Amino acid sequence: MTLPLARFALAAGAVLAGVAVAAGAFGAHGLKATLTASGQAENWETACRYAMYHALALVAVGLLAAIRAPAPAGLTAATASFLAGTLIFSGCLAVLALTGIKILGAIVPIGGVLLIVGWALLALAAARLPT
């Protein structure tokens, strides 16, 4: 179970990081006028920043899973929480920034809660590491 989790978390983190960089660059250049005019530039930047933070978290989880056999309990759930939370949080925030669909603002906190859960699960897994 350790290597499939490590591969998945590392790959997901790498893809997510690439998307975060591309989205950030597109927002700063291709969408700058649109996002500024709509007052959504800050939402777009927040979506990209949190996507990058949690891409790096996924890479850290993948590395931990790769060096520990078996993977510490909770890493699979942390991976799922980080990935789902990022897709919901950053995804809804980015779509809100592009479309102005206000209801998405009510969904964003669900992603935030999943991100917090992911960090808590990672902390528990780290606390259970053998000395």
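The values are calculated or read from the model by the stated rules, or taken from the named source; none is laboratory data. Keep in mind that this is a model prediction, so the values were computed, not measured. Don't worry about glycine lacking a Cβ; one is built from the backbone with ideal geometry, like all the others, and counts go over all protein chains shown.
Here are the numbers for this structure:
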read-out	value
Entirely in segment 14-131, the helices (runs of 4 or more DSSP H) that have 2 or more residues that are under 30 Å from L3 (Cβ atoms)	41-67, 75-99, 104-127
Sole residue being in contact with a Ser or Thr (Cβ under 6 Å, 6 or more places away or on another chain) and within 23 Å of V21 (Cβ to Cβ), chosen from A47, A65, A57, A84	A47
Cross-chain or 6+ apart pairs with Cβ under 6 Å, segment 70-86 first and at negative phi and among the β-branched types (V, I, T), then in a helix (DSSP H, G or I) and surrounded by 23 or more Cβ atoms within 10 Å (Cβ to Cβ)	T79/A9; T79/V61; T86/A51; T86/H54
Qualifying positions in segment 1-10 - in contact (Cβ under 8 Å) with a residue 40 or more places away in the chain, in a helix (DSSP H, G or I) and not β-branched (V, I, T)	L3, L5, A6, R7, F8, A9, L10
Answer from V95, V113, V108 - the residue that is in contact with a Cys (Cβ under 6 Å, 6 or more places away or on another chain) and β-branched (V, I, T)	V108
Residue list for segment 110-130, restricted to those being out of contact with any helix residue (DSSP H, G or I) (no Cβ under 6 Å at 6 or more places or on another chain) and surrounded by 15 or more Cβ atoms within 10 Å (Cβ to Cβ)	W119, L124
From A14, A25, residue being among the small types (G, A, S), closer than 29 Å to P130 by Cα, modelled with pLDDT of 95 or more and surrounded by fewer than 18 Cβ atoms within 10 Å (Cβ to Cβ)	A14
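One line per residue, one yes/no per condition, for (1) among the hydroxyl-bearing types (S, T, Y); (2) touching a residue at least 60 places away in the same chain (Cβ under 8 Å); (3) within 20 Å of F89 (Cα to Cα):
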{"site": "V15", "(1), (2), (3)": "no, no, yes"}
{"site": "A23", "(1), (2), (3)": "no, yes, yes"}
{"site": "K32", "(1), (2), (3)": "no, no, no"}
{"site": "G39", "(1), (2), (3)": "no, no, yes"}
{"site": "Y50", "(1), (2), (3)": "yes, yes, yes"}
